[in-house]
């Protein structure tokens, strides 16, 4: 029981909602690294104080600067001042990059077509790091690596399809679980025609659900013109398309431009395609999205706030 009856204490689910760190990760930080020491109820339930929540936010800042979770405890102990004041020397310090290790583990499992090892590496990363960091620093670089191997290695297409099938099953289950609880504005989401991978689309869709949107998910290899019908019939506020392919010139210059003309809502395009063809996408009347999903959702928020029908 807490010594100070006036101290505000929060259960783990509340702390997870406040910090964005899932309960499994919070428990791992406590058990494996001793980063947090919550109080306990007589029945053993964890209770976190405001100081614990502040410490979690400081840990997140360190992780976003590339510090391995195994080194955060020492940095926090040696540097009680705000995290942004920690010297660059203290941050680097010859630290081994955990993301490269995870990427090598996952890619090795993909190359062996070993789903058990792939699942173990992915779950290990998710148990220690917030999902947005795992997405940005592990999954997206691995996707780029597999796309390169698609072009250069005989087994590359098989590896990419294997990884896409694995991630579709993992992310799809999360999507269906979360979508039943969403009540916000709708977005129609699909990939470009000719795009085999749904991973970026599913990662965006999950982030959008967490952000408060509902998502009408159309999936991979979607012709552009029917997307506008789905938008109109569903009452969605915007269309979001993802792609990592090198598109034929007519796909953006002609087909995307025609779709934008017929759409009744803003059209956004994300993924690697958007990074390489941002100017052409703007000329077609659509909006390219940043690679960072948080920035992408902020841009959608801002654009929809200026659209008719916004709150």
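Taking the numbered list (1) in the same structural domain as residue 145 (by TED's automatic domain parsing); (2) at pLDDT 90 or above in turn, residue 47 passes all entries but (1).
What about residue 70, is it exposed (fewer than 15 other Cβ atoms within 10 Å of the Cβ), modelled with pLDDT of 80 or more and more than 30 Å from residue 160 (Cα to Cα)? Here the answer is yes, as residue 70 does meet what is asked. Residues considered: 155, 220, 208. Of these, the only one that is under 16 Å from residue 265 (Cβ atoms) and touching a residue at least 12 places away in the same chain (Cβ under 8 Å) is 208. So, residue 246, is that one in contact (Cβ under 8 Å) with a residue 60 or more places away in the chain and over 21 Å from residue 210 (Cα atoms) or not? So residue 246 fails the test.
Can you spot a residue in the range 262-274 that is part of a helix (DSSP H, G or I), within 20 Å of the chain's Cα centre (by Cα), in contact (Cβ under 8 Å) with a residue 60 or more places away in the chain and surrounded by 15 or more Cβ atoms within 10 Å (Cβ to Cβ)? Looking through the range 262-274, at least one residue is part of a helix (DSSP H, G or I), within 20 Å of the chain's Cα centre (by Cα), in contact (Cβ under 8 Å) with a residue 60 or more places away in the chain and surrounded by 15 or more Cβ atoms within 10 Å (Cβ to Cβ). In the set 306, 283, only one residue is out of contact with any strand residue (DSSP E or B) (no Cβ under 7 Å at 6 or more places or on another chain), surrounded by 13 or more Cβ atoms within 10 Å (Cβ to Cβ) and more than 19 Å from residue 214 (Cβ to Cβ); that residue is 283.
Right, residue 288: without any contact (Cβ under 8 Å) to a residue 24 or more places away in the chain and touching a helix residue (DSSP H, G or I) at 6+ places or on another chain (Cβ under 9 Å) or not? Yes, satisfied.
Residues are listed down the side, and each one gets a yes or a no for (1) modelled with pLDDT under 90; (2) in contact with a helix residue (DSSP H, G or I) (Cβ under 6 Å, 6 or more places away or on another chain):
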site	(1), (2)
148	yes, no
165	no, no
178	yes, yes
189	no, yes
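Of the helices (runs of 4 or more DSSP H) lying entirely inside the range 125-186, the ones with 1 or more residues being touching a strand residue (DSSP E or B) at 6+ places or on another chain (Cβ under 7 Å) are found at 156-179. For the range 246-256, the candidate set comprises residues that are surrounded by fewer than 19 Cβ atoms within 10 Å (Cβ to Cβ) and either part of a helix (DSSP H, G or I) or in contact with a helix residue (DSSP H, G or I) (Cβ under 6 Å, 6 or more places away or on another chain) (or both); within that set, the residue that is modelled with the lowest pLDDT is 249. Filtering the range 112-132 to residues that are surrounded by fewer than 18 Cβ atoms within 10 Å (Cβ to Cβ) and farther than 20 Å from residue 16 by Cβ leaves 112, 113, 114, 115, 116, 117, 119, 120. Within the range 209-225, the set of residues being in a helix (DSSP H, G or I) and closer than 30 Å to residue 248 by Cα comprises 225 only. Among residues belonging to the range 188-208 that are closer than 21 Å to residue 170 by Cβ and in a loop (DSSP other than H, G, I, E, B), point out the one that is nearest to the chain's Cα centre (by Cα). If we take residues in the range 188-208 being closer than 21 Å to residue 170 by Cβ and in a loop (DSSP other than H, G, I, E, B), then 198 is nearest to the chain's Cα centre (by Cα).
Kindly indicate whether residue 203 is assigned by TED's automatic domain parsing to the domain that holds residue 236, in contact with a strand residue (DSSP E or B) (Cβ under 8 Å, 6 or more places away or on another chain) and under 21 Å from residue 304 (Cβ atoms). Judged against the criteria, residue 203 is not a match. The set of residues from the range 161-174 being farther than 16 Å from residue 134 by Cβ and buried (at least 19 other Cβ atoms within 10 Å of the Cβ) comprises just one member, 162.
The values are calculated or read from the model by the stated rules, or taken from the named source; none is laboratory data. For clarity, every value in this text was computed on a predicted model and none was experimentally measured. Don't worry about glycine lacking a Cβ; one is built from the backbone with ideal geometry, like all the others, and counts go over all protein chains shown.
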